[in-house]
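The values are calculated or read from the model by the stated rules, or taken from the named source; none is laboratory data. Nothing here was measured: the structure is a model prediction, and the numbers come from that model. Please note: Cβ atoms are built from the backbone with ideal geometry, for glycine as well, and neighbour counts cover all protein chains shown.
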Amino acid sequence: MNRFQDALKHHDLAILKYPENAEYYRGKADTLQQMNRYEEAIKYYNLAIQKNPKLPCILITKNHWNNLIKQFIKTLKILIIIIIKGKKTHIILYLLKRFEESLKYLDLAINRNPENPKNYHSKALTLEKMNRFEEALEYYDSAIQKNPEIPDHYNDKANTLHNMDRFNEALKYFDYAIQKNPENPLYYRNKAVTMEATNRFVEALEYYDSAISIYPENADYYYGKANTLLRMNKFEEALQQCDSAISKNPEISDYYNSKAYLLYQLNRYEEQLRQYDLAIQKNSKDSDYYNNKAYLLYYLNRYEESLKLYYLTIQKNPKNINQCYSKRIIESPSLVIQDLLQKLLFINLFLVRMSQI
(Lines give C-alpha, C1' and ligand atoms only; values in the text may rest on other atoms or scores of the structure.)
Protein backbone atom coordinates (compact mmCIF):
# COMPACT_ATOMS: atom_id res chain seq x y z
CA MET A 1 0.00 0.00 0.00
CA ASN A 2 2.95 2.35 0.67
CA ARG A 3 4.00 2.21 -2.97
CA PHE A 4 0.52 3.40 -3.97
CA GLN A 5 0.71 6.28 -1.51
CA ASP A 6 4.12 7.24 -2.90
CA ALA A 7 2.71 7.07 -6.41
CA LEU A 8 -0.18 9.36 -5.45
CA LYS A 9 2.27 11.92 -4.05
CA HIS A 10 4.28 11.75 -7.27
CA HIS A 11 1.16 12.29 -9.38
CA ASP A 12 0.02 15.20 -7.20
CA LEU A 13 3.38 16.92 -7.61
CA ALA A 14 3.28 16.37 -11.36
CA ILE A 15 -0.27 17.74 -11.62
CA LEU A 16 0.71 20.77 -9.56
CA LYS A 17 3.65 21.45 -11.85
CA TYR A 18 1.95 20.55 -15.14
CA PRO A 19 -1.81 21.04 -14.61
CA GLU A 20 -2.60 20.76 -18.34
CA ASN A 21 -0.96 17.38 -18.86
CA ALA A 22 -3.70 14.72 -19.03
CA GLU A 23 -1.22 11.88 -18.50
CA TYR A 24 -0.71 12.79 -14.83
CA TYR A 25 -4.45 12.81 -14.11
CA ARG A 26 -4.80 9.49 -15.85
CA GLY A 27 -1.85 8.09 -13.90
CA LYS A 28 -3.41 9.12 -10.61
CA ALA A 29 -6.74 7.63 -11.66
CA ASP A 30 -5.03 4.31 -12.49
CA THR A 31 -3.37 4.26 -9.06
CA LEU A 32 -6.63 5.06 -7.27
CA GLN A 33 -8.39 2.34 -9.23
CA GLN A 34 -5.76 -0.22 -8.14
CA MET A 35 -6.41 0.85 -4.54
CA ASN A 36 -10.15 0.17 -5.02
CA ARG A 37 -10.89 3.87 -4.51
CA TYR A 38 -13.28 3.92 -7.44
CA GLU A 39 -15.16 7.14 -6.69
CA GLU A 40 -11.93 9.13 -6.64
CA ALA A 41 -10.67 7.29 -9.72
CA ILE A 42 -13.73 8.43 -11.67
CA LYS A 43 -13.02 12.03 -10.71
CA TYR A 44 -9.48 11.93 -12.10
CA TYR A 45 -10.44 9.99 -15.22
CA ASN A 46 -12.97 12.75 -15.92
CA LEU A 47 -10.29 15.40 -15.42
CA ALA A 48 -7.96 13.53 -17.78
CA ILE A 49 -10.73 13.33 -20.39
CA GLN A 50 -11.32 17.07 -20.07
CA LYS A 51 -7.63 17.75 -20.66
CA ASN A 52 -7.29 15.38 -23.61
CA PRO A 53 -10.43 13.57 -24.85
CA LYS A 54 -8.41 11.49 -27.36
CA LEU A 55 -5.86 10.07 -24.93
CA PRO A 56 -5.82 6.24 -25.12
CA CYS A 57 -5.06 4.23 -22.01
CA ILE A 58 -4.96 0.74 -20.51
CA LEU A 59 -7.13 -0.48 -17.66
CA ILE A 60 -5.70 -3.34 -15.61
CA THR A 61 -7.60 -4.76 -12.67
CA LYS A 62 -6.85 -7.88 -10.64
CA ASN A 63 -9.47 -7.51 -7.92
CA HIS A 64 -12.53 -9.68 -7.48
CA TRP A 65 -15.41 -7.62 -8.83
CA ASN A 66 -17.96 -9.76 -6.98
CA ASN A 67 -17.69 -7.43 -3.96
CA LEU A 68 -19.20 -4.69 -6.14
CA ILE A 69 -21.64 -6.63 -8.33
CA LYS A 70 -22.74 -9.65 -6.29
CA GLN A 71 -26.23 -9.45 -7.76
CA PHE A 72 -24.85 -9.93 -11.28
CA ILE A 73 -22.03 -12.46 -10.98
CA LYS A 74 -20.64 -14.86 -8.38
CA THR A 75 -16.93 -14.56 -8.95
CA LEU A 76 -14.96 -12.83 -11.65
CA LYS A 77 -11.31 -11.97 -12.06
CA ILE A 78 -10.66 -9.05 -14.27
CA LEU A 79 -8.47 -9.57 -17.32
CA ILE A 80 -6.38 -6.89 -19.00
CA ILE A 81 -8.67 -4.70 -21.12
CA ILE A 82 -7.26 -2.24 -23.63
CA ILE A 83 -9.84 0.46 -24.19
CA ILE A 84 -10.29 4.17 -24.67
CA LYS A 85 -10.53 6.30 -21.57
CA GLY A 86 -14.21 7.11 -21.99
CA LYS A 87 -15.05 3.42 -21.86
CA LYS A 88 -12.77 2.98 -18.86
CA THR A 89 -14.95 5.39 -16.92
CA HIS A 90 -18.02 3.52 -18.14
CA ILE A 91 -16.70 0.23 -16.71
CA ILE A 92 -16.12 1.70 -13.25
CA LEU A 93 -19.54 3.35 -13.31
CA TYR A 94 -21.02 -0.01 -14.28
CA LEU A 95 -19.30 -1.63 -11.31
CA LEU A 96 -20.76 0.99 -9.03
CA LYS A 97 -24.21 0.42 -10.55
CA ARG A 98 -24.34 4.03 -11.71
CA PHE A 99 -26.01 3.02 -14.94
CA GLU A 100 -27.34 6.40 -16.06
CA GLU A 101 -23.83 7.88 -15.97
CA SER A 102 -22.49 4.75 -17.63
CA LEU A 103 -24.90 5.29 -20.51
CA LYS A 104 -23.63 8.86 -20.97
CA TYR A 105 -20.06 7.65 -21.37
CA LEU A 106 -21.16 4.92 -23.75
CA ASP A 107 -22.94 7.53 -25.86
CA LEU A 108 -19.70 9.50 -25.96
CA ALA A 109 -17.83 6.39 -27.03
CA ILE A 110 -20.40 5.71 -29.77
CA ASN A 111 -20.15 9.30 -31.01
CA ARG A 112 -16.35 9.05 -31.15
CA ASN A 113 -16.38 5.73 -32.97
CA PRO A 114 -19.81 4.91 -34.40
CA GLU A 115 -18.47 1.87 -36.25
CA ASN A 116 -17.30 0.00 -33.14
CA PRO A 117 -19.89 -2.73 -32.36
CA LYS A 118 -18.54 -3.22 -28.80
CA ASN A 119 -19.88 0.17 -27.71
CA TYR A 120 -23.41 -0.72 -28.87
CA HIS A 121 -23.11 -4.12 -27.22
CA SER A 122 -21.97 -2.57 -23.93
CA LYS A 123 -24.84 -0.10 -24.00
CA ALA A 124 -27.28 -2.95 -24.62
CA LEU A 125 -25.93 -4.83 -21.61
CA THR A 126 -26.27 -1.75 -19.43
CA LEU A 127 -29.82 -1.10 -20.59
CA GLU A 128 -30.69 -4.71 -19.82
CA LYS A 129 -29.41 -4.34 -16.25
CA MET A 130 -31.79 -1.37 -15.96
CA ASN A 131 -34.68 -3.55 -17.23
CA ARG A 132 -34.98 -1.35 -20.30
CA PHE A 133 -35.29 -4.40 -22.50
CA GLU A 134 -36.78 -2.91 -25.66
CA GLU A 135 -34.00 -0.33 -25.87
CA ALA A 136 -31.43 -3.03 -25.18
CA LEU A 137 -32.72 -5.02 -28.15
CA GLU A 138 -32.27 -1.99 -30.41
CA TYR A 139 -28.61 -1.66 -29.43
CA TYR A 140 -28.00 -5.38 -29.85
CA ASP A 141 -29.39 -5.00 -33.35
CA SER A 142 -26.99 -2.11 -33.96
CA ALA A 143 -24.07 -4.20 -32.72
CA ILE A 144 -25.11 -7.04 -35.04
CA GLN A 145 -25.43 -4.64 -37.94
CA LYS A 146 -21.91 -3.30 -37.34
CA ASN A 147 -20.41 -6.79 -37.09
CA PRO A 148 -22.72 -9.75 -37.74
CA GLU A 149 -19.92 -12.26 -37.11
CA ILE A 150 -19.66 -11.80 -33.32
CA PRO A 151 -21.66 -14.60 -31.66
CA ASP A 152 -21.96 -12.87 -28.26
CA HIS A 153 -24.24 -10.26 -29.84
CA TYR A 154 -26.75 -12.96 -30.70
CA ASN A 155 -26.35 -14.80 -27.39
CA ASP A 156 -26.86 -11.71 -25.27
CA LYS A 157 -29.82 -10.58 -27.36
CA ALA A 158 -31.31 -14.04 -26.83
CA ASN A 159 -30.84 -13.70 -23.07
CA THR A 160 -32.74 -10.39 -23.15
CA LEU A 161 -35.55 -11.96 -25.16
CA HIS A 162 -35.69 -14.79 -22.60
CA ASN A 163 -36.04 -12.23 -19.80
CA MET A 164 -38.96 -10.75 -21.72
CA ASP A 165 -40.60 -14.22 -21.98
CA ARG A 166 -40.19 -14.11 -25.74
CA PHE A 167 -38.83 -17.63 -25.72
CA ASN A 168 -39.27 -18.62 -29.36
CA GLU A 169 -37.37 -15.55 -30.54
CA ALA A 170 -34.70 -16.23 -27.94
CA LEU A 171 -34.22 -19.76 -29.25
CA LYS A 172 -33.71 -18.39 -32.76
CA TYR A 173 -30.92 -16.07 -31.61
CA PHE A 174 -29.27 -18.79 -29.56
CA ASP A 175 -29.18 -20.81 -32.78
CA TYR A 176 -27.47 -17.90 -34.54
CA ALA A 177 -24.85 -17.73 -31.77
CA ILE A 178 -24.22 -21.48 -32.02
CA GLN A 179 -23.88 -21.24 -35.79
CA LYS A 180 -21.26 -18.51 -35.40
CA ASN A 181 -19.34 -20.40 -32.71
CA PRO A 182 -20.37 -24.04 -32.20
CA GLU A 183 -17.55 -24.56 -29.67
CA ASN A 184 -18.89 -22.26 -26.95
CA PRO A 185 -20.68 -24.40 -24.33
CA LEU A 186 -22.43 -21.39 -22.78
CA TYR A 187 -24.63 -20.96 -25.84
CA TYR A 188 -25.88 -24.55 -25.56
CA ARG A 189 -26.50 -24.14 -21.83
CA ASN A 190 -28.44 -20.91 -22.37
CA LYS A 191 -30.56 -22.53 -25.05
CA ALA A 192 -31.22 -25.45 -22.68
CA VAL A 193 -32.53 -23.02 -20.04
CA THR A 194 -34.92 -21.48 -22.55
CA MET A 195 -36.00 -24.91 -23.76
CA GLU A 196 -36.85 -25.81 -20.18
CA ALA A 197 -38.84 -22.59 -19.80
CA THR A 198 -41.04 -23.76 -22.71
CA ASN A 199 -41.41 -27.24 -21.16
CA ARG A 200 -39.35 -28.83 -23.92
CA PHE A 201 -37.47 -30.91 -21.40
CA VAL A 202 -36.07 -33.64 -23.68
CA GLU A 203 -34.54 -31.06 -26.00
CA ALA A 204 -33.23 -29.13 -23.01
CA LEU A 205 -31.38 -32.26 -21.85
CA GLU A 206 -29.81 -32.61 -25.28
CA TYR A 207 -28.42 -29.09 -25.13
CA TYR A 208 -27.11 -29.61 -21.60
CA ASP A 209 -25.37 -32.72 -22.90
CA SER A 210 -23.82 -30.67 -25.71
CA ALA A 211 -22.54 -28.10 -23.21
CA ILE A 212 -21.12 -30.84 -21.01
CA SER A 213 -19.40 -32.57 -23.95
CA ILE A 214 -17.61 -29.32 -24.82
CA TYR A 215 -16.72 -28.33 -21.26
CA PRO A 216 -17.17 -31.28 -18.88
CA GLU A 217 -15.55 -29.45 -15.93
CA ASN A 218 -18.33 -26.89 -15.53
CA ALA A 219 -20.46 -27.92 -12.56
CA ASP A 220 -23.38 -25.63 -13.44
CA TYR A 221 -24.14 -27.62 -16.59
CA TYR A 222 -24.72 -30.78 -14.55
CA TYR A 223 -26.76 -28.80 -12.03
CA GLY A 224 -28.94 -27.35 -14.77
CA LYS A 225 -29.50 -30.80 -16.20
CA ALA A 226 -30.44 -32.05 -12.73
CA ASN A 227 -33.10 -29.34 -12.43
CA THR A 228 -34.57 -30.33 -15.79
CA LEU A 229 -34.68 -34.00 -14.77
CA LEU A 230 -36.34 -32.96 -11.52
CA ARG A 231 -39.12 -31.24 -13.44
CA MET A 232 -39.54 -34.49 -15.39
CA ASN A 233 -39.83 -36.40 -12.06
CA LYS A 234 -36.72 -38.40 -12.93
CA PHE A 235 -35.35 -38.19 -9.42
CA GLU A 236 -32.67 -40.88 -9.58
CA GLU A 237 -31.17 -39.45 -12.76
CA ALA A 238 -31.39 -35.93 -11.33
CA LEU A 239 -29.56 -37.15 -8.23
CA GLN A 240 -26.74 -38.50 -10.37
CA GLN A 241 -26.35 -35.15 -12.12
CA CYS A 242 -26.41 -33.34 -8.78
CA ASP A 243 -23.60 -35.61 -7.57
CA SER A 244 -21.64 -34.78 -10.72
CA ALA A 245 -22.08 -31.06 -10.05
CA ILE A 246 -20.86 -31.50 -6.48
CA SER A 247 -17.84 -33.52 -7.63
CA LYS A 248 -16.89 -30.76 -10.06
CA ASN A 249 -17.38 -27.94 -7.54
CA PRO A 250 -17.96 -29.05 -3.93
CA GLU A 251 -18.07 -25.46 -2.61
CA ILE A 252 -21.52 -24.48 -3.94
CA SER A 253 -24.08 -24.75 -1.14
CA ASP A 254 -27.13 -24.81 -3.43
CA TYR A 255 -26.00 -28.10 -4.92
CA TYR A 256 -26.34 -29.80 -1.53
CA ASN A 257 -29.68 -28.13 -0.86
CA SER A 258 -31.04 -29.35 -4.19
CA LYS A 259 -29.66 -32.83 -3.60
CA ALA A 260 -31.48 -32.87 -0.26
CA TYR A 261 -34.74 -32.07 -2.03
CA LEU A 262 -34.18 -34.95 -4.46
CA LEU A 263 -33.47 -37.32 -1.56
CA TYR A 264 -36.77 -36.24 -0.01
CA GLN A 265 -38.54 -37.32 -3.18
CA LEU A 266 -36.86 -40.72 -2.80
CA ASN A 267 -37.76 -41.00 0.93
CA ARG A 268 -34.09 -41.06 1.93
CA TYR A 269 -34.50 -38.75 4.91
CA GLU A 270 -31.30 -39.35 6.87
CA GLU A 271 -29.24 -38.68 3.77
CA GLN A 272 -31.35 -35.60 3.19
CA LEU A 273 -30.49 -34.26 6.65
CA ARG A 274 -26.82 -34.78 5.91
CA GLN A 275 -27.07 -32.73 2.72
CA TYR A 276 -28.71 -29.84 4.58
CA ASP A 277 -25.83 -29.97 7.06
CA LEU A 278 -23.37 -29.73 4.20
CA ALA A 279 -25.27 -26.82 2.65
CA ILE A 280 -25.20 -25.01 6.00
CA GLN A 281 -21.51 -25.80 6.37
CA LYS A 282 -20.79 -24.21 2.99
CA ASN A 283 -23.03 -21.17 3.58
CA SER A 284 -24.14 -20.66 7.16
CA LYS A 285 -25.79 -17.31 6.36
CA ASP A 286 -28.57 -18.69 4.17
CA SER A 287 -31.65 -19.09 6.34
CA ASP A 288 -33.40 -21.29 3.76
CA TYR A 289 -31.12 -24.22 4.55
CA TYR A 290 -31.99 -24.08 8.25
CA ASN A 291 -35.66 -23.74 7.40
CA ASN A 292 -35.61 -26.73 5.06
CA LYS A 293 -33.85 -28.89 7.61
CA ALA A 294 -36.22 -27.75 10.35
CA TYR A 295 -39.23 -28.73 8.30
CA LEU A 296 -37.76 -32.18 7.60
CA LEU A 297 -37.16 -32.71 11.32
CA TYR A 298 -40.75 -31.70 11.97
CA TYR A 299 -41.92 -34.11 9.26
CA LEU A 300 -39.95 -36.86 11.03
CA ASN A 301 -41.66 -35.99 14.37
CA ARG A 302 -38.43 -34.68 15.84
CA TYR A 303 -40.20 -31.61 17.19
CA GLU A 304 -37.69 -30.35 19.72
CA GLU A 305 -34.82 -30.33 17.21
CA SER A 306 -37.10 -28.73 14.64
CA LEU A 307 -38.19 -25.94 16.94
CA LYS A 308 -34.61 -25.07 17.85
CA LEU A 309 -33.74 -24.81 14.19
CA TYR A 310 -36.78 -22.63 13.44
CA TYR A 311 -35.72 -20.22 16.16
CA LEU A 312 -32.26 -20.12 14.59
CA THR A 313 -33.81 -19.62 11.15
CA ILE A 314 -35.87 -16.67 12.33
CA GLN A 315 -32.75 -15.13 13.85
CA LYS A 316 -31.06 -15.46 10.47
CA ASN A 317 -34.01 -13.91 8.64
CA PRO A 318 -36.74 -12.57 10.96
CA LYS A 319 -38.83 -11.22 8.08
CA ASN A 320 -39.46 -14.62 6.51
CA ILE A 321 -43.17 -15.28 6.98
CA ASN A 322 -42.91 -18.96 6.08
CA GLN A 323 -40.46 -19.56 8.91
CA CYS A 324 -42.60 -17.71 11.49
CA TYR A 325 -45.65 -19.63 10.35
CA SER A 326 -43.79 -22.92 10.74
CA LYS A 327 -42.69 -21.99 14.25
CA ARG A 328 -46.25 -21.20 15.33
CA ILE A 329 -47.45 -24.58 14.09
CA ILE A 330 -44.92 -26.40 16.26
CA GLU A 331 -45.52 -24.26 19.33
CA SER A 332 -49.35 -24.58 19.26
CA PRO A 333 -50.30 -27.81 17.49
CA SER A 334 -53.82 -29.11 17.48
CA LEU A 335 -54.29 -32.86 17.25
CA VAL A 336 -57.35 -32.36 15.08
CA ILE A 337 -55.80 -30.09 12.44
CA GLN A 338 -52.10 -30.81 12.82
CA ASP A 339 -51.93 -33.19 9.89
CA LEU A 340 -53.78 -30.77 7.61
CA LEU A 341 -51.55 -27.86 8.61
CA GLN A 342 -48.50 -29.99 7.99
CA LYS A 343 -49.68 -30.73 4.46
CA LEU A 344 -50.51 -27.07 3.81
CA LEU A 345 -47.09 -26.03 5.07
CA PHE A 346 -45.43 -28.59 2.86
CA ILE A 347 -47.31 -27.27 -0.19
CA ASN A 348 -46.26 -23.72 0.72
CA LEU A 349 -42.60 -24.66 1.09
CA PHE A 350 -42.79 -26.76 -2.06
CA LEU A 351 -44.05 -23.79 -4.07
CA VAL A 352 -41.27 -21.61 -2.64
CA ARG A 353 -38.74 -24.26 -3.62
CA MET A 354 -40.13 -24.63 -7.13
CA SER A 355 -39.95 -20.87 -7.62
CA GLN A 356 -36.20 -21.06 -6.93
CA ILE A 357 -35.49 -23.76 -9.52
Exactly one of TYR120, TYR105, TYR154, TYR140 is buried (at least 18 other Cβ atoms within 10 Å of the Cβ), modelled with pLDDT of 90 or more, of a type outside the set (Asp, Glu) and under 30 Å from ARG26 (Cα atoms), and that one is TYR120
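Here's the yes/no breakdown for (1) more than 22 Å from the chain's Cα centre (by Cα); (2) under 22 Å from GLY224 (Cα atoms); (3) aliphatic (A, V, I, L, M):
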| position | (1), (2), (3) |
| --- | --- |
| LEU108 | yes, no, yes |
| SER122 | no, no, no |
| LYS129 | no, no, no |
| PRO151 | no, no, no |
| MET164 | no, yes, yes |
| ASN181 | yes, yes, no |
| MET195 | no, yes, yes |
Here the qualifying pairs (Cβ atoms under 7 Å; residues six or more apart or on different chains; first in region 39-63 and of a type in the set (A, V, I, L, M, F, W, C); second modelled with pLDDT under 70 and outside any helix (DSSP H, G or I)) come out as ALA48/LEU55; ILE58/ILE82; LEU59/ILE81; LEU59/ILE83; ILE60/ILE80
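How many residues, within region 272-291, are of a type in the set (Ser, Thr, Tyr) and under 12 Å from TYR261 (Cβ atoms)? Lay out the reasoning, then the answer.
Step one: of region 272-291, the residues of a type in the set (Ser, Thr, Tyr) are 276, 284, 287, 289-290.
From what's left, under 12 Å from TYR261 (Cβ atoms): 276, 289.
The total comes to 2.
Residues that are hydrophobic (A, V, I, L, M, F, W, C) and surrounded by fewer than 16 Cβ atoms within 10 Å (Cβ to Cβ): list the helices (runs of 4 or more DSSP H) wholly contained in region 200-262 that include at least 1 such residues. Explain how you work it out, then say what you get.
Numbers: elements: 201-214, 219-231, 235-248.
Qualifying helices (runs of 4 or more DSSP H): 201-214.
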